[in-house]
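The block underneath contains the structure these notes are about, expressed in structure tokens.
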Amino acid sequence: MRFDFLELPGQAGALFRPVVPVQFEDLEEAPQFCLVDTGSTANRFGGWLAEATGVDLAGAPETTVNLGGVMTTARHARADLTIAGLRYDAPISFCDPWPFAFNLLGQEGFLRFFRVTLCAAQGWLDVEPEGPGAKPGMRS
């Protein structure tokens, strides 16, 4: 499925980036706009999203990470994501604080499940299911 580059939510300026709308768990009415970040090993989402949707983080492993100059606590869990109409179980680091109006899709929870082709010159990206873990965990 092809997605046009978009401005990041909460970011002023005319720079368009590879952003994918993601349905988090059963939150159909509020797609989360996520920057495709090939340099991130993990999907990074605001911690508030886990609380709002009932993802249990009690006892979840924690690490401290620096994201864009912000020190944050990341709690690691799994949740269902739907991208391009396909639902799959993904590892996610829920971060608090999270001062951004967008989330990040990284290697472990996105790029290992999809083949992504970027064309920055024309401002689009194609996303197709792929990888050893893509088919069994995906539901349409």
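The values are calculated or read from the model by the stated rules, or taken from the named source; none is laboratory data. What you see is a predicted model, and the numbers here were worked out from it, not measured in a lab. Cβ coordinates were reconstructed from backbone atoms using ideal geometry, including for glycine residues, and neighbour counts include every protein chain displayed. Calculation scope for accessible area: heavy atoms of the full protein, side chains included, ligands and nucleic acids excluded. Shrake-Rupley method; radii C 1.70, N 1.55, O 1.52, S 1.80 Å.
Number of residues in region 48-73 that are in contact with a Lys or Arg (Cβ under 7 Å, 6 or more places away or on another chain) and among the small types (Gly, Ala, Ser): the value is 1.
Test Ala60 against the stated conditions and say whether it is among the small types (Gly, Ala, Ser) and at pLDDT below 95. So Ala60 does not fit the description; no.
A single member of Val36, Val55, Val127 is open to solvent by less than 40 Å² (accessible area, probe 1.4 Å) and more than 23 Å from Phe5 (Cβ to Cβ), and it is Val55. Filtering region 42-57 to residues that are of a type outside the set (A, V, I, L, M) and under 16 Å from the mean Cα position of the chain (by Cα) leaves Asn43, Arg44, Phe45, Gly46, Gly47, Trp48, Thr53.
Yes/no matrix, rows are residues, columns are (1) more than 21 Å from Met1 (Cβ to Cβ); (2) in a loop (DSSP other than H, G, I, E, B); (3) at pLDDT below 95; (4) of a type in the set (Val, Ile, Thr):
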{"position": "Ala50", "(1), (2), (3), (4)": "yes, no, no, no"}
{"position": "Ala74", "(1), (2), (3), (4)": "yes, no, no, no"}
{"position": "Leu81", "(1), (2), (3), (4)": "no, no, no, no"}
{"position": "Ser93", "(1), (2), (3), (4)": "yes, no, no, no"}
{"position": "Ala101", "(1), (2), (3), (4)": "yes, yes, yes, no"}
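Can you tell me which of Ala50, Ala42 is open to solvent by less than 10 Å² (accessible area, probe 1.4 Å) and either of a type outside the set (Lys, Arg) or in contact with an Asp or Glu (Cβ under 7 Å, 6 or more places away or on another chain) (or both)?
Numbers: Ala42 fails: open to solvent by less than 10 Å² (accessible area, probe 1.4 Å).
Result: Ala50 is the single residue among Ala50, Ala42 that is open to solvent by less than 10 Å² (accessible area, probe 1.4 Å) and either of a type outside the set (Lys, Arg) or in contact with an Asp or Glu (Cβ under 7 Å, 6 or more places away or on another chain) (or both).
Which of the following residues is among the aromatic types (Phe, Trp, Tyr), buried (at least 18 other Cβ atoms within 10 Å of the Cβ) and under 10 Å from the mean Cα position of the chain (by Cα): Phe94, Phe24, Phe3? So that I can check it myself, show each step before the final result.
On the way: Phe94 fails: under 10 Å from the mean Cα position of the chain (by Cα); Phe3 fails: under 10 Å from the mean Cα position of the chain (by Cα).
Just a single option satisfies the conditions, and that option is Phe24.
Selection of first residues in region 54-70 that are over 10 Å from Cys95 (Cα atoms) and of second residues that are among the basic types (Lys, Arg) and at pLDDT 95 or above, restricted to Cβ pairs under 8 Å at least 6 apart or on distinct chains, gives the following pairs, ordered by first then second residue: Leu57/Arg75; Ala60/Arg75; Pro61/Arg75. Among all residues of region 103-112, there is none that is modelled with pLDDT under 95, aromatic (Phe, Trp, Tyr) and either under 15 Å from the mean Cα position of the chain (by Cα) or at negative phi (or both).
Taking the stated definitions as given, is Ala60 farther than 24 Å from Ala121 by Cβ, touching a His at 6+ places or on another chain (Cβ under 7 Å) and not hydroxyl-bearing (Ser, Thr, Tyr)? Step through it out loud before you land on a result.
Working: farther than 24 Å from Ala121 by Cβ: yes; touching a His at 6+ places or on another chain (Cβ under 7 Å): yes; not hydroxyl-bearing (Ser, Thr, Tyr): yes.
Taking the combined requirement at face value, the residue satisfies it.
The number of residues in region 1-38 that are touching a residue at least 60 places away in the same chain (Cβ under 8 Å) and assigned to a loop (DSSP other than H, G, I, E, B) comes to 10.
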